[in-house]
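Comments concern the structure below.
Each value in this text was obtained by applying a stated rule to the coordinates, not by laboratory testing. Treat the numbers as computed from the prediction; the structure is a model and nothing was measured. Quick reminder, even Gly has a Cβ in these numbers, built from the backbone with ideal geometry, and neighbours come from all protein chains shown.
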There are 2 protein chains.
Amino acid sequence: MPVLDDAIDAAIVREVSKDARATLADLSAAVGLSVSAVQARLRRLESRGVITGYRTLVDAEAVGKPLAAFVEITPLDPAQPDNAPELLEHLTEIEACHSIAGDASYILLVRVASPRHLESLIRDIRAAASVNTRTTVVLQTFYENRPILPA
Amino acid sequence: MPVLDDAIDAAIVREVSKDARATLADLSAAVGLSVSAVQARLRRLESRGVITGYRTLVDAEAVGKPLAAFVEITPLDPAQPDNAPELLEHLTEIEACHSIAGDASYILLVRVASPRHLESLIRDIRAAASVNTRTTVVLQTFYENRPILPA
DNA sequence: AGATTCGGCAGGAAATTTTCCTGTTCGCGC
DNA sequence: GCGCGAACAGGAAAATTTCCTGCCGAATCT
């Protein structure tokens with residue numbers, strides 16, 4: 001389960017990570033296998049759960065979400081059952097949710113249209129999950145979503 | 001430049017964000033325009049920079065990078081010119097780099113194979129960018145890379 | 001008002017790509 | 001030696017993308 005790749009699979013993952021639209025012929029040329037062999041391996045990688053999806057990267061500013069922030073959250077009552085990720089899942093402004101080993105319980109990455117919307121979102125987060133929040137505004141994103149290179 | 005979309009473009013972005021492999025016919029059905037019209041709009045979105053790329057999502061554990069962490073960095077000498085993002089760009093374990101408005105100057109998201117590799121990476125980061133680091137280990141990722149929905 | 005131009009869309013043919021099937025080779029166990 | 005299974009190469013058919021042409025409506029000019 002943890003490791004599931006030979007060298008060719010790793011190469012395929014590397015190539016298709018950089019460009020999800022690469023054709024089978026492209027991948028075939030990159031890894032030196034026939035088109036059909038590459039296709040079979042791709043299918044296997046998908047069904048094994050190594051490849052979990054294909055996403056289009058969009059410029060957040062261009063689609064009206066120029067303001068990003070990290071929001072750390074901490075339950076108000078540590079005794080309560082903690083299912084904050086579920087409780088927050090419906091908030092589509094939240095792009096990611098990780099539990100972490102720091103002071104807070106979770107860290108969220110959020111994207112909104114304006115400071116006013118951020119205020120509103122933080123209120124929603126507090127209300128939905130019964131948490132305190134500590135938010136850190138992103139001033140500039142130099143890079144993100146860089147491909148994960150197989151070890 | 002900030003806003004560049006009508007309702008149909010927004011719908012196209014929404015659909016293709018969820019699945020970068022959706023065919024033009026799929027998108028055509030979703031937005032109610034002909035295939036060729038959708039294709040023309042997609043091209044325009046790409047050339048305008050609204051769509052910045054297509055990525056394949058891979059399971060970090062499956063490709064040997066089960067350990068993720070946020071690394072906040074602060075320059076040792078605030079007087080020096082600060083181009084940490086450039087200085088760190090070559091470290092492929094870094095998936096994202098944002099400048100932030102908190103105590104630290106930047107926050108990085110990194111993925112590595114093991115605690116030992118994390119130690120090594122942090123050393124590299126400190127050496128490459130002359131910074132202090134404060135790292136927060138990710139215990140679990142509930143969701144990430146959720147599509148950005150056009151406002 | 002009529003004519004003209006321009007942008008965006010629909011439809012269709014050609015080229016490319018994906019899908020699926022078949023045959024071959026290699027490694028392994030009987 | 002022989003059969004078996006997995007993985008790959010090659011090719012035909014289906015699906016998709018690409019590109020071209022014509023149409024329609026809005027805006028402009030005369």
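Computed about the Cα centre, the dipole magnitude for the stretch A:103-151 is approximately 80 debye when only Lys and Arg (+1) and Asp and Glu (-1) carry charge, each at its Cβ. Derived scalar couplings between HN and Hα for the stretch B:55-68 equal 10, 9, 8, 10, 6, 4, 5, 5, 9, x, 10, x, 10, 10 Hz in order, rounded to whole Hz, by the Karplus curve 6.51 cos²θ - 1.76 cosθ + 1.60 (θ = phi - 60°), x for Gly and Pro.
For residue B:53, the residues 5 or more places off, or on other chains, whose built amide H falls under 5 Å of its own are A:57.
Seen from residue A:36, the other residues with C-beta closer than 14 Å to its C-beta sum to a net charge of +3, counting Lys and Arg as +1 and Asp and Glu as -1. Panel note: the C-alpha atoms of chain B, placed on their principal axes, show extents of 56, 38, 23 Å (largest first). The angle between the Cα long axis of helix A:35-48 and the longest principal axis of the Cα atoms of chain A comes to about 30 degrees, rounded to the nearest 10. Taken over the stretch B:31-116, the percentage of Cα pairs per 10 Å bin, counting from 0 up to the bin with the maximum distance, is 14, 29, 25, 20, 10, 2. If only the Cβ of Lys and Arg carry +1 and only the Cβ of Asp and Glu carry -1, the dipole of the protein assembly as shown around its Cα centre is close to 580 debye.
Label point of residue A:130 (7 Å along Cα→beta-carbon): distances to the other copies' equivalent points are 5.0 nm, sorted ascending. Using only DSSP helix segments of four residues or longer, with each worth -39500 (n - 2.57), what per-residue ellipticity at 222 nm results for chain A after dividing by its residue count and rounding to 500? Result for chain A: -11000 deg cm²/dmol, rounded to the nearest 500.
Between the Cα long axis of helix A:7-18 and the first principal axis of chain A there is an angle of about 50°, rounded to the nearest 10.
Between the amide H of residue A:95 and those of A:109, A:110, A:111, distances stay under 5 Å, these residues lying 5 or more places away or on another chain, with hydrogens modeled in the peptide plane.
What shape does the stretch A:1-62 take by its C-alpha gyration tensor, where a ≥ b ≥ c are the square roots of the eigenvalues and a/c under 1.5 counts as rounded, a/b above b/c as prolate, and the rest as oblate? Oblate, because a/c is 1.5 or more while a/b does not exceed b/c. Ascending distances from the residue A:116 label point to its copies in the other chains, with the point 7 Å along the Cα-to-beta-carbon line: 5.5 nm. In terms of overall dimensions, the protein assembly as shown has a Cα radius of gyration and Dmax of 20.1, 58 angstrom.
Relative to the dominant Cα principal axis of chain B, helix B:115-129 is inclined by about 90°.
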